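Here's the structure, in structure tokens; my notes come after.
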Amino acid sequence: MISTVIFDMDGVIIDSEPIYFEVEQKLFREVGLELTREEHSKYVGRSDLWKKVTEKHELDIDIDEIHKKEKSQYFNILSTSFDDGPIKGVAEVIESLHSRGITLVLASSSEMKIIELVLTKFDLIKYFDLRISGDELATSKPHPEIFLKAAEMAGSKPENCLVIEDSANGVNAAKAANMKCIGFRNPNSGDQNLSTADWIINSFDEFKLERFNNIHSY
């Protein structure tokens, strides 16, 4: 039985991946790098993007400084001009799960300041007593550390956890953690291979609670 549901944030709760793409593409250009949308999409869900990009393209940059710059620009956009609200249907799913006594965890690659801004701005923080930022961990998705830590915080076994993710890195991390996983196909998250997920949905309107604990059969 599923006792804990772990939500990713960017691309699952809010449609913010386009903001990340915009901010990161601007910063890529500033450091003299032209990155295709296809390659850029491979880093969705990772908190170590700048480390990986710097290693691959042999960039001579201060990773901590540019990562700090990215987070600052992203936070400013979210706090001042992002008013789209949660992705259609996700707030209703969150409320329904909470009302059933399911433990909800927010596990995102974004920094904690951004996580709390989003949850507070859209009145969802009351549903997530447990929140974890991949920005504070030693390893990034697709490594399972963030989800194993989330299960530990919730006092749940991995096999009793369900993860909802929009990226290939996130789905692969969930499966590596031995958890059930729903892949949410968000077209704004780039071309993501969600094939290893237990169940792929195109809209949260497809999420049916009666299927919840029988997800392996769908």
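Return the subset of Lys88/Lys208; Lys126/Lys180; Lys42/Lys141; Lys68/Lys126; Lys42/Lys180; Lys51/Lys149 for which the Cα-Cα distance in this structure is over 19 Å, preserving the input order.
On the way: Lys88/Lys208 15 Å; Lys126/Lys180 24 Å; Lys42/Lys141 11 Å; Lys68/Lys126 28 Å; Lys42/Lys180 22 Å; Lys51/Lys149 22 Å.
Those over the limit are Lys126/Lys180; Lys68/Lys126; Lys42/Lys180; Lys51/Lys149.
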Overall Cα dimensions of region 87-155 - principal axes, largest extent first, Å: 32, 25, 19
For the chain, convex hull of alpha carbons as volume per residue, Å³: 109
Cα-centred dipole magnitude for the chain, charges only on beta-carbon of K, R (+1) and D, E (-1), debye, nearest 20: 580
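Before anything else, pin down the relative contact order of the chain: Cα pairs under 8 Å, at least 6 apart, normalised by residue count, whole percent.
Working: 357 pairs, mean separation 60.1, N = 218.
Computed over the chain, the figure is 28 percent.
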Under-5 Å amide H pairs with Ile14, H placed in peptide plane, nonlocal only: Ile87
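When a/c is below 1.5 the answer is rounded, else prolate if a/b is larger than b/c, else oblate, so apply that to region 57-185 with a ≥ b ≥ c taken from the square roots of the Cα gyration tensor eigenvalues. Write down the numbers at each step before the final one.
Values: a/c = 1.95, a/b = 1.21, b/c = 1.61.
Since a/c reaches 1.5 but b/c is at least a/b, the shape of region 57-185 is classed as oblate.
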0 to 90° range, to nearest 10: angle between helix 112-121 axis and the chain longest Cα axis: 60
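Hey, what number do you get for the chain at 222 nm if only DSSP H runs of n ≥ 4 count, each worth -39500 (n - 2.57), divided across all residues, to the nearest 500?
Working: 8 runs with 85 residues, N = 218.
Calculated from helices alone, the mean residue ellipticity at 222 nm is -11500 deg cm²/dmol.
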Cα-based helix-to-principal-axis angle, 145-154 vs the chain, degrees rounded to 10: 40
Hz values of 3J(HN,Hα) by residue in region 76-88 - Karplus curve (6.51, -1.76, 1.60), Gly and Pro given as x: 5, 5, 4, 7, 10, 10, 9, 10, 5, x, x, 4, 3
Residue-wise HN-Hα coupling along region 32-43, computed from phi with Karplus coefficients 6.51, -1.76, 1.60 (Hz; x: Gly, Pro): x, 10, 9, 10, 5, 4, 4, 5, 4, 4, 5, 9
Principal-axis tilt of helix 17-30 within the chain, Cα atoms, nearest 10 degrees: 20
Region 72-122 - Debye-derived log10 I(q)/I(0), Cα point model, q = 0.16, 0.17, 0.22 Å⁻¹: -0.55, -0.61, -0.92
Gaussian network model of the chain, springs between alpha carbon atoms under 10 Å - residue of Val93, Val31, Val118 with greatest fluctuation: Val31
Highest-first arrangement of 78-90, 163-175, 99-111, 5-17, where packing means the average Cβ count within 10 Å: 163-175, 5-17, 99-111, 78-90
Low-density loop cleavage sites - GluC sites (Glu not before Pro) in region 41-102, where at most 13 other Cβ are within 10 Å (DSSP): Glu58
Within the accessible area of region 60-218 (1.4 Å probe), percent carbon and sulfur: 46
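Near Val44, within a Cβ-to-Cβ distance under 9 Å, what is the net charge of the other residues, with Lys and Arg +1 and Asp and Glu -1? Spell out each step's value before the answer.
Details: positive: Lys42, Arg46; negative: Asp10, Glu17, Asp166.
Net local charge, Val44 excluded: -1.
The values are calculated or read from the model by the stated rules, or taken from the named source; none is laboratory data. Bear in mind the structure is a predicted one, so any value in this text is a computation, not a measurement. Ideal geometry is used to build each Cβ from the backbone, glycine not excepted, and the neighbour counts take in all protein chains shown. Note: areas computed on protein heavy atoms with side chains; ligands, DNA, RNA excluded. Shrake-Rupley method; radii C 1.70, N 1.55, O 1.52, S 1.80 Å.
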